[in-house]
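Report on one structure; see the data block that follows.
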Amino acid sequence: MTPSWLTGFGDASAAVRATAVLLGLGQAVTTLEYVAVRDAFGDRGIYAWPALRLGRPARPPAWTRLRDTVFGRSGTLVLFGVRLVLSLALAVLGATGAWPALAGAAAVALAVVLVAENVRIPWGREGADDLAVHVALGLAVVALCDAAGAPPVGLVYIAAMAALAYVTAGVTKVVEPLWRSGEALAWVVNLQSFGAPWAYDLLEPRPRLRWFLCWLTMVAEMATPLAVLLPAPGFVAVLALGFAFHVANAVVMGLNSFVWTFAATYPSAAFVWAQLHT
Amino acid sequence: MATVVGAVCGVALAALFVASVRIQFFDAADLHRHRSPLGLLRQYRLFSPAPVRADIHLLVRDIDHVGRALPVREVTSIRLRRPVDTLWNPRRRRWLPWRAAMLELAAFTTDLADDRAAVQVAPAYLAVLGVATAEPAEGAAACQFLFVERFGTDPARSPVVLFCSAVHRLEGGGDGR
């Protein structure tokens with residue numbers, strides 16, 4: 001018995017709306033986090049453009065002036081403001097389903113802003129930040145295709161990029177003895193930056209639990225793309241496990257942006273699943 | 001029209017996906033050589049292959065006008081996990097770049113084996129120097145920064161210095177600015 005909400009994602013517009021809501025909310029949180037540390041984008045901050053611009057390729061003077069204006073401290077704050085407005089607009093328009101053309105325009109504009117900030121913020125990015133750019137690109141392409149009456153290839157792209165992220169993370173872990181032995185988890189949760197004392201106290205004296213969780217992570221990450229081949233209950237279970245994994249990482253490691261970004265790829269995965277099974 | 005747009009978009013996204021798959025196989029040196037201009041091609045080695053095993057701390061040693069070292073101060077502000085971090089965690093946006101900056105400095109230092117002083121014009125070096133000199137101690141005339149690796153809460157393992165900068169004179173040094 002296939003739940004109707006799952007088959008509903010076979011309709012591209014339902015998948016696009018769900019993706020827009022999740023991506024929009026996640027990007028609003030991420031943007032506000034950057035705004036909260038805006039002093040770091042000043043001339044004596046770790047994201048100082050006068051220093052980072054030296055790592056960019058030489059361009060014609062007019063282009064360089066434009067780049068310095070947009071990526072200077074004031075320009076960057078304006079860019080964050082635009083990003084916040086677009087993110088919230090995408091979330092609201094996606095939730096209400098109103099003005100799909102406007103939602104499409106917001107998706108295209110957000111993709112442009114995220115690509116620009118990809119250049120402005122070359123370091124300190126998480127995997128979720130990188131993937132979010134591709135989710136926005138996928139949504140933007142869906143909007144362009146929709147306007148031309150073309151099929152929503154952007155949704156397939158979003159699902160493929162999510163699969164690539166999961167498989168890469170899983171395969172690169174499984175070749176590392178520290179992950180295979182379960183030791184890696186104890187290292188990570190013992191950090192001030194990514195760990196939590198209570199998690200270390202829980203896992204450090206329990207090597208079997210660590211081993212199990214490490215292997216569960218590796219196998220699940222590698223096998224996630226195969227979920228689209230499973231029947232409905234199996235597919236839903238894999239997505240639920242994936243979501244629980246990201247929530248656990250947010251609680252233990254403080255990686256909140258992964259929850260929003262990876263969840264934003266799930267409607268596209270459901271769209272692909274529905275195409276294969278209906 | 002619909003067929004053309006669909007085909008163009010499909011080919012463009014397929015090319016981007018194939019390029020993304022290809023870059024997953026690159027090692028650090030390949031990545032350094034093949035940076036994509038827009039930064040769209042990234043690796044998704046999340047906490048792998050080797051897990052993050054240490055916290056990176058930035059320490060600054062101020063020196064007064066007679067060359068006496070002042071107390072070392074820590075610039076990085078990593079703090080223990082709080083429940084609210086699950087939803088709202090802006091502070092990591094401050095310390096996440098330290099690891100990337102440190103790795104970039106290490107790569108530059110290795111590449112510039114015969115001319116290590118040239119690392120001082122690397123973007124990472126200049127950005128970190130800006131942070132280190134932003135709020136000098138009272139009476140400081142010069143400063144030096146260090147990246148230190150600390151292995152969690154394991155008391156058996158001492159912190160390790162990963163990178164030590166040159167000593168830099170401060171603008172208006174000696175009058176406490």
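Using Cα centres only, tell me the gap between the range B:80-105 and the range A:38-71 in whole Å. Cα centroid of the range B:80-105 versus Cα centroid of the range A:38-71: 22 Å apart. Above 19 Å, the calculated P(r) of chain B contains 69 percent of its Cα-Cα pairs. Under the criterion of Cα pairs below 8 Å and six or more residues apart, the relative contact order for the range B:13-167 equals 26 percent. Across the options A:T172, B:A127, A:P152, the greatest Cα extent toward the positive end of the charge dipole of the protein assembly as shown (unit charges at beta carbon of Lys, Arg, Asp, Glu) belongs to B:A127.
Based on alpha-carbon atoms, the Kirkwood radius and the radius of gyration of the range A:106-182 give Rg/Rh equal to 1.12.
Please give me the summed charge of the neighbours of A:P50: other residues whose Cβ is under 9 Å from its Cβ, Lys and Arg +1, Asp and Glu -1. Mind dumping the intermediate values first?
Values: positive: A:R53; negative: A:D43, A:D68.
Counting the neighbours of A:P50, the net charge comes to -1.
Quick one: divide the alpha-carbon radius of gyration of the protein assembly as shown by 2.2 N^0.38 Å and tell me what you get. Walk me through the numbers before you get to the answer.
Working: Rg = 23.2 Å, N = 455, 2.2 N^0.38 = 22.5 Å.
This ratio for the protein assembly as shown stands at 1.03.
Of B:L80, B:L31, B:L129, the residue with the greatest mean-square motion in the GNM of chain B, using alpha carbon springs below 10 Å, is B:L80.
For the range B:23-101, the gyration tensor built on C-alpha atoms gives an oblate shape. Its axis ratio a/c (a ≥ b ≥ c) is at least 1.5, and a/b is not larger than b/c. Please check which bits of the range B:32-48 a label hung off A:V175 would reach, taking the label as a point 7 Å along Cα-to-C-beta and the cut-off as backbone N under 17 Å. Output list for this probe position: B:32, B:42-48.
For chain B, give the magnitude of the charge dipole about the Cα centre (Cβ charges: +1 Lys/Arg, -1 Asp/Glu; no others), in debye to the nearest 20. It would help to have the intermediate numbers written out before the result.
Values: 22 positive and 17 negative charges, 143 e Å.
Once rounded to the nearest 20, the dipole reads 680 debye.
Helical runs (DSSP H, four residues minimum) scored at -39500 (n - 2.57) apiece and divided by the length of chain A put the mean residue ellipticity at 222 nm at -25500 deg cm²/dmol. Computed extension gain for B:V121 through B:A12, at 0.36 nm per residue and net of the alpha carbon distance, reaches 35.5 nm.
May I ask you to sort A:T217, A:T96 by Cβ crowding, counting other Cβ atoms within 10 Å and putting the fewest first?
Numbers: A:T217 23, A:T96 11.
Ranked by crowding around the Cβ, least crowded first: A:T96, A:T217.
Describe numerically, in nm with one decimal, the distance between label points set 7 Å from Cα along Cα→Cβ at B:A69 and at B:C164. Roughly 0.8 nm, to one decimal.
Take every residue in peptide A:162-170, count the Cβ atoms of other chains within 10 Å of its Cβ, and give the average of those counts.
Values: counts 1, 1, 5, 7, 2, 3, 10, 7, 3.
Other-chain Cβ atoms within 10 Å of each residue's Cβ, averaged: 4.
Measuring max minus min along each principal axis, the C-alpha atoms of the range A:56-140 give extents of 43, 26, 20 Å (largest first).
In order along the range B:30-47, phi translates into HN-Hα couplings of 4, 4, 5, 7, 10, 6, 6, x, 9, x, 7, 9, 10, 8, 10, 7, 6, 6 Hz, rounded to whole numbers, per the Karplus curve 6.51 cos²θ - 1.76 cosθ + 1.60 with θ = phi - 60° and x for Gly and Pro. Between B:V4 and A:D43, the modelled labels are 5.0 nm apart [label points 7 Å from Cα along Cα→Cβ].
Compute a Gaussian network model of chain B, connecting alpha carbons closer than 10 Å, and tell me which residue from B:L162, B:L126, B:L16 fluctuates the most. Per the Cα network of chain B with a 10 Å cutoff, B:L16 tops the list. Overall form of the range B:1-64: prolate. Here a/c, set by the Cα gyration tensor axes a ≥ b ≥ c, is 1.5 or more, and a/b is the larger of a/b and b/c.
Express the Stokes-Einstein translational diffusion coefficient of the range A:169-252 in µm² s⁻¹, to the nearest whole number, given a Kirkwood radius over alpha-carbon pairs, 25 °C and a viscosity of 0.890 mPa s. Walk me through the intermediate numbers first.
Values: Rh = 13.6 Å.
This corresponds to a translational diffusion coefficient of 180 µm²/s.
Note on the range A:10-52: Rg/Rh from Cα positions, Kirkwood definition for Rh, rounded to two decimals, is 1.32. Put simply, when A:254-266, A:122-134 are sorted by average Cβ atoms within 10 angstrom per residue, most first, you get A:254-266, A:122-134.
For peptide B:163-171, the mean count of partner chain Cβ atoms within 10 Å of a residue's Cβ comes to 0. The Cα center of the range A:116-184 and the Cα center of the range A:249-278 differ in position by 11 Å. Calculated on the Cα set of the range A:1-124, radius of gyration then Dmax: 17.8, 63 Å.
Readers should treat all values here as calculations from the given coordinates under stated rules, not as data from a laboratory. The structure presented is a predicted model; accordingly, all values stated were derived computationally and were not measured. As a convention, Cβ positions derive from the backbone with ideal geometry for all residues, glycine included, and neighbour counts pool all protein chains shown.
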